[in-house]
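Here is the structure we will look at, set down as structure tokens.
The values are calculated or read from the model by the stated rules, or taken from the named source; none is laboratory data. Treat the numbers as computed from the prediction; the structure is a model and nothing was measured. Here the Cβ positions follow ideal geometry from the backbone for every residue, glycine too, while neighbour counts run over all protein chains shown. Just the protein is used for accessible areas: all its heavy atoms, side chains included, with ligands, DNA and RNA removed. Shrake-Rupley method; radii C 1.70, N 1.55, O 1.52, S 1.80 Å.
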Amino acid sequence: GAHERVPDAALLHASATDLPLRDATVDGLIALNLLEHLPDDVLALREFARVLRPGGRAVLVVPSNPRLYDYYDAHLQHQRRYARGELRE
């Protein structure tokens, strides 16, 4: 697992909307197929911004095109799909 490969890395299990990290302490953040499941994605994005250092990078992967939301999204418990540029705002 990840811990065996990088034993000095801190592994956390936490809410994306309430990260147990100090402000501006993270160099990079990856959220893959996460935001679309959260009732308050804006709160999570604010938390990401809070913990990232100036110049830090976030990689976010989300489903695109709200017009494509269908029964499969609902089955996967997606709250939404995102329009181009929406996360940047």
Problem - Dipole magnitude of the chain, debye to nearest 20 (Cβ charges: Lys/Arg +1, Asp/Glu -1, about Cα centre) - result: 280
Fill in the blank from the handout: FRET efficiency for L11 and R50 from the Cβ-Cβ distance with R0 = 25 Å, rounded to 0.05, comes out at 0.80
Completion exercise
Under the Karplus relation with 6.51, -1.76 and 1.60 and θ = phi - 60°, whole-Hz ³J(HN,Hα) for segment 34-45, x at Gly and Pro, equal 10, 4, 5, 8, 8, x, 10, 5, 5, 4, 4, 4
Handout entry: Distance-filtered residues of segment 35-70 - backbone nitrogen under 15 Å, label point 7 angstrom along A24 Cα→Cβ
Key = 49-57
Exercise for the section: For the chain, with all protein chains present and a 1.4 Å probe, just round the carbon and sulfur fraction of the accessible area to a whole percent. Expected result: 52
Practice task
Choose one answer from A14, A49, A24: the residue with the largest mean-square fluctuation in a GNM of the chain with alpha-carbon springs under 10 Å.
Solution key: A14
Handout entry: Protection-proxy order for peptides 35-41, 16-22, each taking the mean of Cβ atoms within 10 Å per residue, highest first
Key = 35-41, 16-22
Exercise for the section: Kindly report the accessible area of the chain per residue (heavy atoms of protein chains, probe 1.4 Å, no ligands, DNA or RNA), in Å². Expected result: 78
Fill in the blank from the handout: Among (i) -1.08, -1.14, -1.31, -1.36; (ii) -0.97, -1.05, -1.33, -1.43; (iii) -1.16, -1.27, -1.53, -1.58, the entry matching log10 I(q)/I(0) by the Debye sum over Cα atoms at q = 0.21, 0.22, 0.25, 0.26 Å⁻¹ as calculated here is (i)
